[in-house]
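Enquirer: Sharing a structure, written as structure tokens. Questions coming.
The values are calculated or read from the model by the stated rules, or taken from the named source; none is laboratory data. Everything numeric in this text was worked out from a predicted model, so none of it was measured. Glycine gets a Cβ as well: all are built from the backbone with ideal geometry, and neighbour counts include every protein chain shown. Ligands, DNA and RNA are excluded from the accessible area calculation, which covers all protein heavy atoms including side chains. Shrake-Rupley method; radii C 1.70, N 1.55, O 1.52, S 1.80 Å.
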Amino acid sequence: AQKITQTQPGMFVQEKEAVTLDCTYDTSDQSYGLFWYKQPSSGEMIFLIYQGSYDEQNATEGRYSLNFQKARKSANLVISASQLGDSAMYFCAMRGVYGNKLVFGAGTILRVKS
Amino acid sequence: EAQVTQNPRYLITVTGKKLTVTCSQNMNHEYMSWYRQDPGLGLRQIYYSMNVEVTDKGDVPEGYKVSRKEKRNFPLILESPSPNQTSLYFCASHNLGTRAEAFFGQGTRLTVV
């Protein structure tokens, strides 16, 4: 079975600072994908970044980067230069080799302070 | 524009009254899924479909039905809703493969009284 653990229910960060959202995972699959989604207060799910288990480099998308440590089974999201619009719920998720579902963590609520 | 469309966005109903939440995608994706989101639990898969007429249970299928008669549509049916099905529901679609990004609908907030 696959499992995602997000240990930070809530986080605060000062505007323009960087913040790291933690994500650890558990799977017996050799091939898997890790995703981060953002859910603002309006409720929609916004895809942020993807990391494949065989990708040699950490994924980056603009201000988002993924700190992937395969041996430790962690896939932390780093948001640089936080903005007020980054305040949202953030979900870490994974898809295994069968590809039929995403397994989500419980989420982390991020609040950016001005 | 690539999108997944769910309807309705909000629904309040009474216990036992059958309802259907519709979902449609315009990206020709093979996979479609329904998830429910509850506080502290994240999103959990209810049902999924790998193609037309191929559906299977996810992690929390009790009390739900689905069908996939056309590739683009994947309705979620609650035959006899109960208050513990009050939740935020998402439909999602994606292509095959671990790398494929899942596209989500706008969500349906269901309240069963």
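Enquirer: Among the residues of the range A:62-79, which ones are open to solvent by less than 50 Å² (accessible area, probe 1.4 Å) and of a type outside the set (A, V, I, L, M, F, W, C)?
Expert: A:TYR64, A:SER65, A:SER74, A:ASN76
Enquirer: Just need a number here: residues in the range A:80-106 that are open to solvent by 10 Å² or more (accessible area, probe 1.4 Å) and of a type outside the set (Ser, Thr, Tyr). Full working, then the answer.
Expert: Looking only at the range A:80-106, we keep the residues that are open to solvent by 10 Å² or more (accessible area, probe 1.4 Å), and these are A:80-81, A:83-85, A:87, A:89, A:97-98, A:100-101, A:103-104, A:106.
If we keep only those that are of a type outside the set (Ser, Thr, Tyr) too, we end up with A:81, A:83-85, A:89, A:97, A:100-101, A:103-104, A:106.
Here the count works out to 11.
Enquirer: While we're on this one: Any residue that is under 13 Å from the mean Cα position of the chain (by Cα), within 11 Å of another protein chain (Cβ to nearest Cβ), not small (Gly, Ala, Ser) and not in a loop (DSSP other than H, G, I, E, B) - is there at least one of those in the range A:4-22?
Expert: yes
Enquirer: If A:PHE47 meets every condition in (1) within 28 Å of B:ARG9 (Cβ to Cβ); (2) touching a residue at least 40 places away in the same chain (Cβ under 8 Å); (3) among the aromatic types (Phe, Trp, Tyr) apart from one, which number is that one?
Expert: A:PHE47 satisfies all of (1) within 28 Å of B:ARG9 (Cβ to Cβ); (2) touching a residue at least 40 places away in the same chain (Cβ under 8 Å); (3) among the aromatic types (Phe, Trp, Tyr) except (2).
Enquirer: What are the residues in the range A:56-85 that are under 14 Å from the mean Cα position of the chain (by Cα), touching a residue at least 60 places away in the same chain (Cβ under 8 Å) and outside any strand (DSSP E or B), if any?
Expert: Scanning the range A:56-85 gives a single hit, A:SER80.
Enquirer: For the range B:72-102, name all the residues that are in contact with a His (Cβ under 8 Å, 6 or more places away or on another chain) and either at pLDDT 95 or above or open to solvent by less than 30 Å² (accessible area, probe 1.4 Å) (or both).
Expert: Once the filter is applied, which keeps residues that are in contact with a His (Cβ under 8 Å, 6 or more places away or on another chain) and either at pLDDT 95 or above or open to solvent by less than 30 Å² (accessible area, probe 1.4 Å) (or both), the range B:72-102 yields B:SER93, B:HIS94, B:ALA100, B:ALA102.
Enquirer: Also: Could you tell me which of the residues B:VAL112, B:VAL52, B:VAL21 is away from chain A (no Cβ under 14 Å), crowded, with 16+ Cβ neighbours inside 10 Å and over 15 Å from the mean Cα position of the chain (by Cα)?
Expert: Within the list B:VAL112, B:VAL52, B:VAL21, the selection yields B:VAL112.
Enquirer: I need every pair where a residue in the range B:3-31 that is free of Cβ contacts under 8 Å to residues at least 60 places away in the same chain has its Cβ under 9 Å from the Cβ of a residue that is outside any loop (DSSP other than H, G, I, E, B) and open to solvent by 70 Å² or more (accessible area, probe 1.4 Å), sequence separation at least 6 or different chains.
Expert: B:THR22/B:ASN7; B:SER24/B:ASN7
Enquirer: Scan the range A:17-38 residue by residue and report those that are open to solvent by 20 Å² or more (accessible area, probe 1.4 Å) and either at pLDDT below 95 or not acidic (Asp, Glu) (or both).
Expert: A:ALA18, A:THR20, A:THR24, A:SER28, A:ASP29, A:GLN30, A:SER31, A:LYS38
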